[in-house]
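Asks: Sharing a structure below in structure tokens format, with a few things to ask.
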Amino acid sequence: MVLFTLRRLIQSLFVLLAVSVVVFFAVYAVGDPIELLVSPEATVEARAATIARLGLDQPIWQQYFTFLERALHGDLGTSFVHGIPAIELIVQRMPATFELVVVAITLTCVIGIPLGLVAGLYRDRPLGRGIMATSVLGFSLPNFWQGMMLILLFAVWLGWLPASGRGDTVSVLGVPLSILTADGWSHVIMPAVNLALANIALVLRLTATGVSEAQTQEYVKFARAKGVKPGRIVRRHILRNILIPVVTVVGMEFGSLIAYSTITETVFAWPGMGKLLIDSVYQLDRPVVVAYVMLVTLIFVIVNFVVDVLYAALDPRVQLVAPSH
Amino acid sequence: MIVSRFCLATLSALLGLAAGAHAQSLTIALASEPTAMDPHYHQATPNNAMASQIFETLVAQDAKMSLIPGLAASWKTRDDTTWEFKLQQGVQFSNGQPLTPQDVIFTFCRTMNNEESIAGSYKAIVQKFADVQAPDAHTLIIKTRKPYPLLPNDLTRMGIIWNGIVEHGPITFDLEKKCGVTGDWPRVADFNNGKHAIGTGPYKLKSYVKGSGIEVERNDNYWGEKPEWRSVKFLPVPNAGPRLTGLLAGDFDVVESPAARDVQRIKDTPGFGYVVTPSVRIVYFQADVGRDNSPFVKAANGKNPLQDVRVRRAISMAIDRQTIVDRIMDGMAMPANQFLPDGMFGTLPHPPQLTYDPAQAKKLLAEAGYPDGFELTLSSTNDRYINDGQITQAVAQYLSRVGIKTKVDAMTRSVYFPKRAKREFSFSMGGWSSETGEASSFLQYWVTSFAPELGLGTSNYGRYSNPELDRIFRQAVTTVDDTQREKLLQQALTLTLADLPSIPLHFESSIWAFRKGLTYEGRADQYTLASSVKSVP
């Protein structure tokens with residue numbers, strides 16, 4: 001376990017380095033942020049001072065090494081646009097995104113897995129077929145359109161839920177959380193459903209396929225012949241075996257929802273991180289874009305790590321470190 | 001009977017109370033968010049608008065951008081380089097401290113020592129001061145190095161901050177001695193967290209979380225007319241779709257710039273209203289006239305046809321501005337005949353009409369030696385101005401009708417603006433809000449010869465240069481007499497419109513939509529101000 005963790009840590013450092021190079025130079029290639037920031041009304045000196053302060057007068061490789069040196073000291077740079085540390089800007093928005101994604105992923109699991117189980121067990125009956133057919137809608141309807149329809153239905157016509165924004169928050173250890181208030185829930189539920197729909201469909205289909213495959217396996221037949229109760233067969237023999245791909249997918253989706261739930265955040269005006277990334281790309285706010293992508297990479301690395309550990313817990317055959325010969 | 005009446009009274013009182021509580025708060029959806037709460041950090045419209053609710057300026061602008069008294073009750077020139085400003089009586093900051101001339105001097109000094117800020121015009125303003133004196137508690141004498149008639153206009157964007165936010169000795173306008181400031185200069189972060197956000201404006205900052213919203217509360221120490229709303233929330237909702245649905249769902253009371261195509265929908269839905277106000281933001285195309293070889297224009301004779309004034313006039317005549325306004329802008333714009341709406345200071349009372357005349361355009365092109373036209377690429381943004389991409393398409397089609405073979409290259413602003421600054425275009429879209437509310441602003445940055453060290457022609461990417469115009473302009477901006485200056489500006493504008501280095505299209509209109517029971521006084525500067533939202537009885 002220790003060796004595994006250590007190896008992963010070293011790997012991820014290289015990944016982070018590579019990502020920082022790619023993003024840093026890519027944003028540089030788009031254009032000069034000074035033209036977007038500085039007003040034509042500024043004096044030559046004021047303009048030069050701003051360029052110098054942002055380090056944009058240096059050659060790009062030097063800018064990169066300055067960045068790297070500071071990054072090693074834990075400073076990922078200061079936002080060109082906002083003038084405050086990029087990391088602070090991102091972290092301010094993190095709780096909103098995290099709680100949205102946690103609700104969405106929970107919905108995905110508690111709806112997707114049971115429905116998939118039912119669809120797989122009864123795949124030749126109308127119930128199973130119906131579930132499978134409906135699930136196609138889940139990932140074929142565009143996210144943006146789904147969101148607008150949800151808003152029209154529940155907020156504009158029925159007036160049950162608010163159309164946008166985040167509800168009242170309660171501070172828990174300094175972190176503002178909205179899922180502890182009723183108002184917060186009324187705001188989070190629609191965007192969470194919007195984020196979850198495609199994932200529910202994905203997990204559902206994955207589970208259903210796994211279940212119908214597992215049902216024909218020798219060990220299931222044997223268990224059935226042995227007289228094991230159907231419920232126990234589903235829980236112990238089928239579900240446990242099919243969970244590995246499901247856990248992988250849920251893990252990856254968790255990561256990508258945190259990083260890139262931009263569309264949902266835009267439709268519901270949810271004050272999360274995804275919108276920050278888009279804004280920063282538009283404004284060529286390089287420190288924020290680089291810090292963001294590095295942070296997201298880190299999240300993916302962690303999620304992958306957790307997924308691998310879960311594998312080992314789910315399947316005793318999986319070993320985290322290959323045994324040495 | 002008595003009991004039930006009593007109940008009814010209590011009930012209605014309660015209801016009234018509830019309605020009252022609701023009526024005191026307001027939620028406004030903003031199309032673009034300010035980047036800081038520091039009034040001197042970044043000179044952008046959203047920043048200026050938000051700052052003007054918390055901080056006030058010596059001179060203010062009304063909804064039509066005419067100058068009105070702000071923290072200065074009156075001002076006058078003693079001679080060409082000496083200005084006297086009389087401060088309002090009894091003004092207090094939100095913390096109860098009185099406003100003094102020292103606060104104003106401190107503000108001037110701060111803008112000169114504001115290292116974290118993104119370069120704006122503040123330094124350019126204060127650099128023109130030779131000295132600032134405060135002979136008594138309500139008078140401020142500003143001596144300028146040269147005659148500086150635009151001083152009151154330029155002061156409309158400089159929010160006055162309280163000098164108590166830093167450690168200081170006696171404050172004087174002595175830039176070399178840091179004006180008496182002994183501590184660190186205030187930082188943007190301290191304005192954002194509210195510590196330094198102490199102003200004299202109708203509202204005071206309660207909380208600011210970037211990307212999530214800004215909350216302000218009524219400033220009970222406000223010296224002017226108390227605003228109607230006790231607390232106001234500004235939420236950034238950059239996408240027009242969610243802004244509209246949020247309004248219709250009742251989440252927002254007021255929304256900034258709904259899409260023009262949605263205005264009909266708002267009109268047809270009972271319970272909502274809107275207001276359309278012409279703004280000073282003009283959209284135009286700037287022609288590259290400075291180079292014999294321009295990258296995106298190709299003519300058979302090898303010359304750059306854009307250098308010929310007849311070609312530029314032909315292009316202007318080939319464009320049907322009214323149709324663009326009607327069809328593409330849904331009527332929410334105003335065709336432009338000059339670079340600032342008619343009637344504003346320095347504009348022409350009777351500007352030559354830029355009429356649509358394709359036949360005459362063809363004739364002019366033939367006269368200039370291009371009877372078969374030439375090749376031209378129109379460059380523009382597609383996410384900066386209202387319908388910018390479509391406008392460029394339309395202009396390109398109009399130009400092809402008179403024989404100019406056009407291509408359109410529309411791109412995102414983060415790519416476009418750096419490229420334009422490197423002069424990689426030949427015929428490029430521009431947009432400008434004359435925030436001073438008079439004609440010199442556009443001329444200074446877009447028309448006068450490129451001379452950044454003088455602060456002239458900084459956006460003159462086409463490198464148009466007319467020495468006669470430069471001379472008149474420089475004379476205008478140092479002429480303190482208003483009548484004289486207006487005449488000079490009109491002369492400069494006449495020369496510009498004859499030469500058309502930039503071809504004006506239209507002025508964008510600003511739109512605000514709101515729920516029933518409210519009105520908004522639309523502003524030409526596109527500011528969304530909570531105190532301009534009023535409830536209708």
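The values are calculated or read from the model by the stated rules, or taken from the named source; none is laboratory data. All values derive from a computational prediction rather than experimental measurement. For neighbour counting, all protein chains shown are included, and Cβ atoms are generated from backbone atoms with ideal geometry for every residue, glycine included.
Asks: Filter segment A:281-303 down to residues that are over 23 Å from A:Leu197 (Cα atoms) and more than 10 Å from every other protein chain (Cβ to nearest Cβ), then give me how many there are.
Replies: So the count comes out to 14.
Okay, residues lined up against (1) more than 9 Å from every other protein chain (Cβ to nearest Cβ); (2) under 21 Å from B:Val415 (Cα atoms); (3) of a type outside the set (S, T, N, Q):
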residue: A:Thr5; (1), (2), (3): yes, no, no
residue: A:Ile10; (1), (2), (3): yes, no, yes
residue: A:Val23; (1), (2), (3): yes, yes, yes
residue: A:Leu37; (1), (2), (3): no, yes, yes
residue: A:Gly55; (1), (2), (3): yes, yes, yes
residue: A:Arg70; (1), (2), (3): yes, no, yes
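Asks: Among the residues of segment A:129-143 satisfying the criterion of being more than 30 Å from B:Ala240 (Cα to Cα) and buried (at least 19 other Cβ atoms within 10 Å of the Cβ), which is nearest to the other protein chains (Cβ to nearest Cβ)?
Replies: A:Ser135
Asks: Residues of segment B:197-211 being surrounded by fewer than 23 Cβ atoms within 10 Å (Cβ to Cβ) and of a type in the set (Ser, Thr, Tyr), which ones?
Replies: Correct list: B:Ser207, B:Tyr208.
Asks: Which of (1) without any contact (Cβ under 8 Å) to a residue 12 or more places away in the chain; (2) in contact with a helix residue (DSSP H, G or I) (Cβ under 9 Å, 6 or more places away or on another chain) does A:Thr216 not meet, given it meets every other one?
Replies: Result: A:Thr216 fails condition (2) only.
Asks: Output the number of the condition that A:Ala225 fails; it satisfies all remaining conditions of (1) over 22 Å from A:Met132 (Cα atoms); (2) of a type outside the set (Asp, Glu); (3) in a helix (DSSP H, G or I); (4) touching a Pro at 6+ places or on another chain (Cβ under 7 Å).
Replies: (4)
Asks: Now, a different point. Which helices (runs of 4 or more DSSP H) does segment A:34-149 wholly contain that include 2 or more residues that are β-branched (Val, Ile, Thr)?
Replies: A:44-53, A:60-72, A:86-121, A:126-140
Asks: Something else now. Could you please find all residues in segment B:437-453 being out of contact with any Ser or Thr (no Cβ under 6 Å at 6 or more places or on another chain) and facing chain A (nearest Cβ under 9 Å)?
Replies: Of everything in segment B:437-453, those that are out of contact with any Ser or Thr (no Cβ under 6 Å at 6 or more places or on another chain) and facing chain A (nearest Cβ under 9 Å) turn out to be B:Gln444, B:Glu453.
Asks: Continuing with this model, one more query. I want to confirm something. Restricting to segment A:64-81 and keeping residues that are surrounded by 14 or more Cβ atoms within 10 Å (Cβ to Cβ) and free of Cβ contacts under 8 Å to residues at least 24 places away in the same chain, which single residue is farthest from A:Leu197 (Cα to Cα)?
Replies: The residue in question is A:Arg70.
Asks: Which of the following residues is among the β-branched types (Val, Ile, Thr) and either under 30 Å from B:Asp482 (Cβ atoms) or away from chain A (no Cβ under 14 Å) (or both): B:Thr392, B:Thr381, B:Thr412?
Replies: Criteria check complete, one pass: B:Thr392.
Asks: Determine, yes or no, whether B:Ser441 is hydroxyl-bearing (Ser, Thr, Tyr), closer than 26 Å to B:Lys143 by Cβ, part of a helix (DSSP H, G or I) and in contact with an Asp or Glu (Cβ under 8 Å, 6 or more places away or on another chain).
Replies: Spelling it out, B:Ser441 is indeed hydroxyl-bearing (Ser, Thr, Tyr), closer than 26 Å to B:Lys143 by Cβ, part of a helix (DSSP H, G or I) and in contact with an Asp or Glu (Cβ under 8 Å, 6 or more places away or on another chain).
Asks: Of the numbered conditions (1) without any contact (Cβ under 8 Å) to a residue 60 or more places away in the chain; (2) closer than 30 Å to B:Ser426 by Cα; (3) in contact with a helix residue (DSSP H, G or I) (Cβ under 8 Å, 6 or more places away or on another chain), B:Pro467 satisfies every one except a single condition; which is it?
Replies: Going through (1) without any contact (Cβ under 8 Å) to a residue 60 or more places away in the chain; (2) closer than 30 Å to B:Ser426 by Cα; (3) in contact with a helix residue (DSSP H, G or I) (Cβ under 8 Å, 6 or more places away or on another chain) one by one, B:Pro467 breaks only (3).
Asks: Now, a different point. For the condition surrounded by fewer than 22 Cβ atoms within 10 Å (Cβ to Cβ) and at positive phi, what is the one hit in B:Gly96, B:Gly169, B:Gly164?
Replies: Answer to the check: B:Gly96.
Asks: Considering (1) at pLDDT below 95; (2) in contact with a strand residue (DSSP E or B) (Cβ under 9 Å, 6 or more places away or on another chain); (3) small (Gly, Ala, Ser), say which one B:Gly455 fails and leave the rest.
Replies: Checking B:Gly455 against (1) at pLDDT below 95; (2) in contact with a strand residue (DSSP E or B) (Cβ under 9 Å, 6 or more places away or on another chain); (3) small (Gly, Ala, Ser), the one that fails is (2).
Asks: Can you work out which of the residues in segment B:167-185 that are closer than 17 Å to B:Glu116 by Cα and part of a loop (DSSP other than H, G, I, E, B) is nearest to the other protein chains (Cβ to nearest Cβ)?
Replies: Looking at residues that are closer than 17 Å to B:Glu116 by Cα and part of a loop (DSSP other than H, G, I, E, B), I get B:Trp185.
Asks: Mind checking which residues of segment A:118-139 are more than 25 Å from the chain's Cα centre (by Cα) and under 19 Å from A:Thr248 (Cβ atoms)?
Replies: A:Gly120, the sole residue that qualifies.
Asks: Quick test of your reading of the structure: B:Gln102 fulfils all but one of (1) assigned to a helix (DSSP H, G or I); (2) under 27 Å from the mean Cα position of the chain (by Cα). Name the failing condition by number.
Replies: If we test B:Gln102 against (1) assigned to a helix (DSSP H, G or I); (2) under 27 Å from the mean Cα position of the chain (by Cα), just (2) comes out false.
Asks: If you take the residues of segment B:305-348 that are small (Gly, Ala, Ser) and assigned to a helix (DSSP H, G or I), which of them is nearest to B:Phe473 (Cα to Cα)?
Replies: Among those residues, the one meeting the criterion is B:Ser316.
Asks: Given the structure, is B:Pro227 more than 9 Å from chain A (Cβ to nearest Cβ) and either closer than 30 Å to B:Gly90 by Cβ or buried (at least 22 other Cβ atoms within 10 Å of the Cβ) (or both)?
Replies: Yes; evaluated as a whole, the condition is true for this residue.
Asks: Just the residues that are surrounded by 18 or more Cβ atoms within 10 Å (Cβ to Cβ) and not hydrophobic (A, V, I, L, M, F, W, C), please, taken from segment A:144-175.
Replies: A:Gln146, A:Gly147, A:Pro162, A:Ser164, A:Gly165, A:Arg166, A:Thr169
Asks: Answer yes or no as to whether B:Val283 is under 28 Å from the mean Cα position of the chain (by Cα) and either touching a residue at least 60 places away in the same chain (Cβ under 8 Å) or surrounded by fewer than 16 Cβ atoms within 10 Å (Cβ to Cβ) (or both).
Replies: yes
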